[in-house]
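First the structure, in the form of structure tokens, and then the observations on it.
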Amino acid sequence: MKTLTPLFIAILFCLSASHAQITQIVRGSVVDQESQFPLIGVNVTIPQENGTFLGGTTDYNGEFSIENVPLGRIEISFSYLGYNDVQLSDIIVNSAKEIILNIQMQEKIMELDEVVVYAKRSGEVSNEMATVSAREFSVQETNRYAGSRGEPARMASNFAGVQGADDSRNDIIIRGNSPQGVLWRLDGFNIPNPNHFSIPGTGGGPVTILNNKFLANSDFFTGAFPAEYGNGIAGVFDLKMRNGNNKKHEFSAQLGFLGTELMAEGPLSKNSKASYLATYRYSTLKLFEFLNIKIGTDAVPLYQDAAFRLNFPTKNGGNFALFGIGGSSKIDIVLSENTELDTSTLIFGSNDRDQYFSSKMGIVGMSYTKPINVNTFIKAGISASHSFVDANHDFFEKSIVNNQYRLDTLVNILDYTFIENKYSAYAFTNWKINKKLSIKAGINADLFQLNYQDSVRLVVPSSTGGKTIFENWKTRWNASDSPFLIQPYVQAKFRINDDFTVTSGLTSTFYSINSNSYSPLEPRLGLSYQIDPKQKIGLGIGIHSQIQSNYLYFYGSRNENGKPVEYNKGMGLTKSNHVVLSYDRNLAKNMRLKLETYFQNLYNIPVEKSNSSFSLINSGSGFSRLFPEELVNSGTGRNYGLELTIEKFFTSGYYFMLTSSLFDSKYKGSNEILRNTAFNGNYAFNGLFAKEINLKGKSSINFGGKITYAGGRRYGDVDETESAAQLEIIYRDNTNYNELQFKPYFRADAKVNYRYNTKNLTHEIAIDFVNVFNTKNILTLTYAPDNPLGPIREEYQLGFLPLFYYRIDF
């Protein structure tokens, strides 16, 4: 950072241009929310600082274009006779990129003389079937929040009821549930874990593959979600890719601590509305290694990712799209080659082995949308995805000769490769029967091709100081299977009047891996009542289910005839019943209060068949796989809580959001003792703010901050004898398991970014200060036999970390 700071300052002072008026184009399309049919003649207005308005109307195709829009943050309103207004704020207009908005408007029920005007506002979910625990988020939000690093998951951890599981990863805990209960969806397809260095059975990782530059506004659900979402019990990220600009070629380049990026978008042809969008990112840390810049570790992570989308509008309002995202990551922690006694640059890994790890993830797909008539449209898609994880460990022993390490033994002790291929398809039809009633029916289908190989050999240190014993290889996974997952659904929305809406749905889940993985009916129900223009209440009820992590079905700790006994192949679905009550109130024109309370009853959770406290409810985060004994679906759990959000939208140059969560998350293992789950922190509070100052010459500087205070992680009594034998922390399975709690978690983040516009060119420089006070938050306990202060050592979350980026759009 010392080397980069002068460069940072130099860039700031070198930026110069004429202060002549620079403007931009804001354009897009407007459609009916239920039928997706274009709306003709919608009024679009943008208020100006001098009290005047810029405006336009939509044409025959539902498209609009407004020129000469001044740079900066704008508000924009959409109004249409017989439809509810739409009002958006916090739209950032810069000189390099056109603003393209795709708007959905809801038809009114009442006659004109009876109508009270309600407007859809920024942050309201785009899925019309959601009545509670749902929120739309934008690319601006992933960039705005201090500490979010441009990632959807880290951004969502600021919302009420959502917490990060580990500062070094982006797994999220929703209402005390395991992170593996989160469903990731992209353009209608359920996708594998979209993170670099992903571990099987988890939903997060250290760095996301999802680049916010290719995302459109997307939806995030934290409970009681609609019937179209299956195979998830905690929450849903319903992500959408945006189309490239179909009229103008635009480019972006970014240099940042977390990646060096390039992006391009534009029209494919002057004679059509077809467009392209492509992004690529490469690990900046690896580039630093090429330049011989030390970054604090000898093990430099290498990762890269890319994405593309080709969009082809067809005749009569149809659309064909082809897309793909993918990433690969690799890290080699090689300690056996070190000869120096000082290894202080090592910040992760084990000191007695070389570790080689790599992962890959990718999906390519296509979708087709076709309006049948003014009230009906269909959409279908197919995709193929790939997930790959490979790891090798080499155990070594060294001796000290002439004040240097000498390698004595290097033996391979672990080798595993997990491959999951998936072929997916979906199709649905949406009917707008009339103003009051709309129905959506569809099906999601996945065909898996699974291949798991894993062998390990135990290392037995000599008790007399002799040679270490390496036991024979033991196979833990040796499986190949092709199960399929089917999830049909139907859901309806009935608007009794403009104030009262009822949504209902049914879904079913069938997984062919065994006869126990079938849930015939999962009903969902939602109610929404607008008390007056300022207040709204909602109710959500639903039954949800989820398959287990695929690799767990095929694990076997016992071998017969050299093959593992797959004693968990019969595990069934985990289920959860959700009930949510919500209350929304507009405190001012651009400020709202949201209060939600919920109860979740979890059952059919896999727990050990033998009497113990083990439960899969506590898994799903971290860098380790699970190696369970025989499991049965007899575990239970329950979560309940109260959440409060007060949010002031970004207007008048500032923004803030305050969230608080009080919750309790408990479970029962096979021993029937009610315990805290590993994620039961009991409380969490977040405070975020941002202030923007507009400078001369259409530049601006933004200051932001975030404070998080939450309950500490759970742990129990350490079994020191067993921990010493296995060289890792083993907790006693007694009444204190998960009853002890580390000190509360506290972290403060700050962010400063500077944006400068010249004609057709925008510069942005930002520094994100993570954990500005370098607070030592305890993550877990580790066993370190060579630790002079004792073998049981506290492992801390990330300390102070400055992250920078410089982006140029043109």
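The values are calculated or read from the model by the stated rules, or taken from the named source; none is laboratory data. Nothing here was measured: the structure is a model prediction, and the numbers come from that model. Methodologically, a virtual Cβ is constructed for each residue, glycine included, from the backbone with ideal geometry; neighbour enumeration extends over all protein chains shown. For accessibility, only protein heavy atoms count, side chains too; no ligands or nucleic acids. Shrake-Rupley method; radii C 1.70, N 1.55, O 1.52, S 1.80 Å.
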Solvent-accessible heavy-atom area per residue, rounded to whole Å², over the range 707-784 at 1.4 Å:
46
Go ahead and run the numbers for FRET between L458 and N561, Cβ-Cβ distance against an R0 of 30 Å, rounding to 0.05.
0.90
Per residue, how large is the accessible surface of the range 614-698? Use a 1.4 angstrom probe and give square angstrom.
40
Equivalent ellipsoid semi-axes, the chain, via Cα gyration tensor eigenvalues times 5, rooted, Å
45, 33, 25
Reported to the nearest 10 Å², H393 has, with a 1.4 Å probe, an accessible area equal to 30
Probe of 1.4 angstrom, ligands and nucleic acids ignored: what's the accessible area per residue over the range 19-102, in square angstrom?
44
Full-extension gain in nm, Y518 to Y603, via 0.36 nm per residue minus C-alpha separation:
29.2 nm
Provide the FRET efficiency to the nearest 0.05 for the I469-L662 pair, computing r from the beta carbons and using R0 = 41 Å.
0.20
In whole percent, the Cα-Cα distances of the range 436-523 spread across 5 Å bins from 0 upward as 3, 10, 12, 10, 10, 9, 8, 7, 6, 6, 5, 4, 3, 3, 2, 1, 0
Length released on extending from S269 to N61, taking residue separation times 0.36 nm less the Cα-Cα span:
73.0 nm
Would you list, by chain and number, the lysines whose Cα falls below 21 Å from the Cα of K648, excluding same-chain residues fewer than 8 positions away?
K120, K534, K536, K589, K594, K691, K706, K751
F500 to R793: extension gain in nm, 0.36 nm per residue of separation minus the Cα-Cα distance?
99.8 nm
How long are the semi-axes of the ellipsoid equivalent to the range 462-570, from square roots of 5 times the Cα gyration tensor eigenvalues, in whole Å, largest first?
52, 20, 8
What order, most packed first, do the peptides 653-663, 400-410 have when packing is the mean number of other Cβ atoms within 10 Å of each residue?
653-663, 400-410
Percent accessible area from carbon and sulfur atoms, the chain, protein chains only, probe 1.4 Å
56
Kirkwood Rh, angstrom, the range 576-681 [1 / mean 1/r, Cα pairs]:
16.3
Rounded to the nearest 0.05, what FRET efficiency do V374 and K534 have when you use their Cβ-Cβ distance and R0 = 25 Å?
0.15
Filtered hits (aspartates and glutamates, Cα-Cα < 12 Å from K435, offset >= 8 within chain) -> D32, E34, E107, E111, D498
Per-residue ellipticity at 222 nm attributable to helices in the chain (runs of n ≥ 4 DSSP H, -39500 (n - 2.57) apiece, nearest 500 deg cm²/dmol) works out to -1000 deg cm²/dmol
